[in-house]
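The values are calculated or read from the model by the stated rules, or taken from the named source; none is laboratory data. As the structure is a computational prediction, the values presented were derived from the model and not from experiment. Using ideal geometry, Cβ is built from the backbone for each residue, glycine included, and neighbour counts are taken over all protein chains shown.
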Amino acid sequence: MNRKLLLFAASLLMSAGIAKAQFSPYTRLLNVVLDTTATYKYTSTQSATSYLESKPGVSATQFFPYPVGYTARALFAATATTDGEFSLNNRTLTMKNPKNSLIKSSFYNIQNAKAIAKFAFDLDLTAYSGAASFNVYFGNDDAPSRLISASSGFANASTDIFGSFRIVTSGGNVITQYRDAAGTGTVSLSAANSLIKVGVSQRVEIFVNSSSSATTYSYNSGVVNLAGNTYHVYVGGVKYAVDFPKNGSTYTQSVIDGLSFEFNNNATQETISLSNISITYPADTDPTLPVSFLSFTGKKSANGVVLNWATAAEQNNDYFELSRSADGNNFVTVGRVNGKGNTNEISNYTLTDRTPASGINYYQLKQVDKDGTSAIYKELVSVDFGLPSTNFSAFAGKGKLNLAAFATATDLAELSVFDLKGTKVLTSKLQLKAGENQFSVEAGQLPSGVFIVNLKGSTFNKTVKVVK
């Protein structure tokens with residue numbers, strides 16, 4: 001078969017962390033590592049059937065480095081013309097289509113894949129007009145027909161494509177289209193119902209259920225039902241109203257292990273960029289990396305905030321990264337400490353954050369293996385640094401309402417939480433001591449939204465606004 005493509009290697013590295021959307025009880029997260037800077041342009045002297053595919057153990061001078069022990073691949077396909085281009089810079093893949101030719105990037109042959117999967121990526125369409133349709137499709141490369149071939153994936157039902165949708169111009173508007181359940185027709189959504197927009201960068205998340213049974217996943221503290229043989233698409237945290245169907249009955253594969261991006265044929269050259277690509281699968285056990293944590297603590301000192309943690313054993317451990325946040329959501333890196341590599345002995349570590357913010361600081365501990373695999377310690381550490389006597393703060397996260405208050409005297413205070421309609425949705429009695437106080441109250445029953453939090457006693461009465 002004359003497949004006009006070129007193969008390169010990619011790396012998919014497993015990491016575990018806190019995600020706003022996940023399967024239950026655990027998730028296994030794999031990140032596509034785009035850490036090479038390179039530009040590749042096709043030339044007229046290349047054979048249309050030429051291949052380059054790096055293997056485990058080869059030099060990392062290929063377009064993508066390839067880690068030993070992984071079998072995932074990245075494929076880049078286009079006809080042998082001089083105007084097509086793939087480039088990597090700052091962990092971003094940019095695709096420019098050859099005029100009147102197909103161009104494709106695929107990430108496939110993912111290890112330990114499941115029938116249920118989540119794909120996520122940042123899609124930058126600031127330099128894209130919609131003239132050349134942009135297609136997204138996913139399935140299984142064990143029955144290759146369109147997922148990793150030079151043929152378009154947005155076509156009739158195929159043995160290797162579970163679902164496919166695209167962004168295209170129709171009637172002067174950029175809309176979303178998808179293949180119907182029969183796999184033979186195209187359904188067009190209105191411009192108002194098409195969430196992916198041109199001229200902007202947006203986060204896209206796709207939840208896929210290729211099994212016949214329904215499943216659920218959590219999203220922004222809510223539980224979402226995902227019927228069998230359907231998929232959901234979110235853009236910027238907003239779900240498409242439609243539940244997209246499986247693309248025909250010819251797809252009978254047991255797992256989803258491939259994702260492809262493609263420009264269709266058009267005389268207009270278009271450019272799109274992709275970054276932060278990840279694949280998530282449900283896991284029955286906690287996919288913890290081979291570092292056994294014993295503790296993670298922090299305390300205020302004269303020089304800043306001293307953070308201490310200990311491990312019972314380490315395997316292939318490269319380093320730890322500490323990050324700080326003022327709200328428990330947005331973190332900045334404050335330091336890095338090298339790990340012990342391989343050890344079966346208890347190891348103690350410390351790092352001082354010399355520039356903490358005034359008030360409550362939340363700290364996150366991340367561990368990184370030598371192959372780039374990473375995991376985030378399951379608990380945040382909060383340290384009060386210079387809390388003013390007039391301050392009262394609250395932070396909602398992980399099913400808890402975390403409070404910090406400075407009281408002038410011992411006091412029994414009542415905590416009251418109101419929604420914006422003034423309805424009391426949570427109440428609790430809290431014993432204040434003179435000085436600094438910190439509490440963590442169960443708040444898993446609270447839906448997402450804005451709340452008014454009041455803590456009132458005989459000598460203390462403060463109110464703050466909280467977003468959950």
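Overview of results
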read-out	value
Flag for SER323 being modelled with pLDDT of 90 or more, of a type in the set (Ser, Thr, Tyr), assigned to a strand (DSSP E or B) and surrounded by 14 or more Cβ atoms within 10 Å (Cβ to Cβ)	yes
Residues of the stretch 106-124 satisfying the condition of being more than 19 Å from THR94 (Cβ to Cβ) and among the aliphatic types (A, V, I, L, M)	ILE110, ALA113, ALA115, ILE116, ALA117
Sole residue being under 30 Å from ARG28 (Cβ atoms) and either among the aromatic types (Phe, Trp, Tyr) or in contact with a Leu (Cβ under 7 Å, 6 or more places away or on another chain) (or both), chosen from ASP141, ASP124	ASP141
Listing of strands (runs of 3 or more DSSP E) fully contained in the stretch 198-298 that carry 1 or more residues being at pLDDT below 95, under 20 Å from the mean Cα position of the chain (by Cα) and among the hydrophobic types (A, V, I, L, M, F, W, C)	222-226, 258-263, 271-283
Index of the failed condition, ASP371 passing every other in (1) outside any strand (DSSP E or B); (2) in contact (Cβ under 8 Å) with a residue 60 or more places away in the chain; (3) buried (at least 17 other Cβ atoms within 10 Å of the Cβ)	(3)
Where PRO447 falls short, out of the listed (1) within 17 Å of GLY399 (Cβ to Cβ); (2) in contact (Cβ under 8 Å) with a residue 40 or more places away in the chain; (3) crowded, with 16+ Cβ neighbours inside 10 Å; (4) not small (Gly, Ala, Ser)	(3)
The stretch 209-234, subset among the β-branched types (Val, Ile, Thr) and under 27 Å from THR250 (Cβ atoms), residue surrounded by the fewest Cβ atoms within 10 Å (Cβ to Cβ)	THR215
Residue match in the stretch 191-208 (condition: of a type in the set (Asp, Glu) and buried (at least 19 other Cβ atoms within 10 Å of the Cβ))	yes
Selection count where residues are surrounded by fewer than 16 Cβ atoms within 10 Å (Cβ to Cβ), more than 16 Å from GLY449 (Cα to Cα) and either outside the structural domain of SER440 (by TED's automatic domain parsing) or more than 35 Å from the chain's Cα centre (by Cα) (or both), scope the stretch 411-427	2
The stretch 167-195 residues that are aromatic (Phe, Trp, Tyr), paired with ones that are in a strand (DSSP E or B) (beta carbon under 6 Å, 6 or more apart)	TYR178/PHE165; TYR178/VAL187; TYR178/PHE244
Residues satisfying the stated conditions in the stretch 235-272, i.e. buried (at least 21 other Cβ atoms within 10 Å of the Cβ) and of a type in the set (Ser, Thr, Tyr)	TYR251, SER260
Residue in the stretch 177-194 that is under 25 Å from the mean Cα position of the chain (by Cα) and not in a strand (DSSP E or B) present	yes
Number of the exception - ILE360 against (1) part of a loop (DSSP other than H, G, I, E, B); (2) within 18 Å of GLY298 (Cα to Cα)	(1)
Flag if ALA313 is of a type in the set (A, V, I, L, M), touching a Pro at 6+ places or on another chain (Cβ under 9 Å), closer than 16 Å to PHE293 by Cβ and crowded, with 21+ Cβ neighbours inside 10 Å	no
Strands (runs of 3 or more DSSP E) wholly inside the stretch 385-468 containing at least 1 residues that are of a type in the set (A, V, I, L, M), under 25 Å from ASN329 (Cα atoms) and out of contact with any Lys or Arg (no Cβ under 8 Å at 6 or more places or on another chain)	392-397, 400-407, 424-432, 461-467
